Amino acid sequence: MRYLPPAMAAARRRRALIAVLPPLALLALPLAAPLLAGHDGALPWLLDLPVHWQWFGALWLALAGLFAAIHADGRWTLVLLGLVLPWLSAPPQLPARAETAARTLSIASANVEYLNHDATALRAWLAGVRPDLVVLLEVTPAWLASFGALDDWPYREIAASDGVDGIALLSRLPLGEVRRSHAAGSLARIDARVRLDDGRDIALAAVHLWPPMSAGLHGARDRSLAHGLQTLSTSGLPALLIGDLNATPWSPAFAPLQQHGWRRTTSLEPTWPDGPLLALGLPIDHVLASPDWTRIEAAVGPAIGSDHRPVFVRLALSPLPGAAGASLAVPVR
């Protein structure tokens, strides 16, 4: 190592420290999420805004760590160990299992963006993955007209809108107890029961939560997600919550997940904003599952003309017997 005068060496160490501290702080911020969960106000909101950008923080730390190692001392490469933090600080993903003969359910979810009037790309992708359930958000009449016939999903609940609050739930399986709502913190929501082929029922919520554009909306989003998880958990049925939550797994909004024993089934791969910088974006489109499920497959779909990428999961339901009841089929709307 080349000798440097003490003053110059100290100055380089200070510059190295200044370079690596901000990205390390950003990557460590999710560790404080449980302390912030359930709190309203400006401070929790302001801390929630940067917490989502973990992939940007990882790139920042990689560049800062290399700069520090080259500029000051090679031992600064040890800070690169912080690159594992995004995987360690996120709530755990639903356990995986190999292909199984148990009852499986496939789900696709997409925020199609209300300014997007071309459904061609999404329809082609759905034809390939053939999901049992499809949740669509920001659905407009023009987009629906572009999609064409919905015959693959004979059971459906659709509330198209020219704004961001359009929503649709499409199903190959009978639906029942369908309810639409616009609760505080939610742009749109559909609750339903789904009757599986083996006679068991599951509870489902399709949701589009408000983005945290203010302290008030941040608190409303978190409360809406917590209430939705609690309601589904008390149903006594295997349950799923699906949609655009406008929150990443590192957010305090996800703290109630583990309280109720729920897991995310989708990965940490970003889904927004689609485009050249997607790799540094945010995973905000989710399928969340109660403890009754295991994960067989999870993937992020292709570009569909929206600012979001769709998500797809295939889950296996534990083979516990369920109560059989009357048919849950409801008329198509």
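The values are calculated or read from the model by the stated rules, or taken from the named source; none is laboratory data. Remember, predicted model here, so these are calculated numbers, not experimental data. Glycine also receives a Cβ, built like all others from the backbone with ideal geometry; neighbour counts cover every protein chain displayed. Accessible surface is based on the protein model in full, side chains and every heavy atom, while ligands, DNA and RNA are left aside. Shrake-Rupley method; radii C 1.70, N 1.55, O 1.52, S 1.80 Å.
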Screening Leu47, Leu24 for residues that are modelled with pLDDT of 90 or more, open to solvent by 30 Å² or more (accessible area, probe 1.4 Å), in a helix (DSSP H, G or I) and out of contact with any Gly (no Cβ under 6 Å at 6 or more places or on another chain) leaves only Leu47
Quick check on this structure: which one of Val139, Val84 is in a loop (DSSP other than H, G, I, E, B) and out of contact with any Asp or Glu (no Cβ under 8 Å at 6 or more places or on another chain)?
Val139
For residues in the stretch 181-200 being over 18 Å from Leu137 (Cα atoms) and within 24 Å of the chain's Cα centre (by Cα), which is least open to solvent (accessible area, probe 1.4 Å)?
Val194
Quick check: is even one residue across the stretch 90-100 over 24 Å from Asp162 (Cβ atoms), not in a loop (DSSP other than H, G, I, E, B) and not aromatic (Phe, Trp, Tyr)?
yes
I'd like the residue in the stretch 268-297 that is small (Gly, Ala, Ser) and open to solvent by less than 40 Å² (accessible area, probe 1.4 Å) and, out of all such residues, is modelled with the lowest pLDDT.
Gly275
Go through the residues of the stretch 101-121 one by one and say whether even a single one is assigned to a helix (DSSP H, G or I), at pLDDT 95 or above, open to solvent by 50 Å² or more (accessible area, probe 1.4 Å) and over 30 Å from Ala19 (Cα atoms).
yes
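Here is a yes/no grid of residues against (1) buried (at least 24 other Cβ atoms within 10 Å of the Cβ); (2) within 13 Å of the chain's Cα centre (by Cα); (3) part of a loop (DSSP other than H, G, I, E, B):
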site	(1), (2), (3)
Gly216	no, no, no
Gly219	no, no, no
Ser224	no, no, no
Leu237	no, no, yes
Thr248	yes, yes, yes
Checked Ala184, Ala149, Ala160 against criteria (of a type outside the set (Phe, Trp, Tyr), farther than 26 Å from Ser224 by Cα and free of Cβ contacts under 8 Å to residues at least 60 places away in the same chain); the one match is Ala149
Which residues, counting only those in the stretch 161-180, are within 22 Å of the chain's Cα centre (by Cα) and not in a strand (DSSP E or B)?
Gly163, Val164, Asp165, Gly166
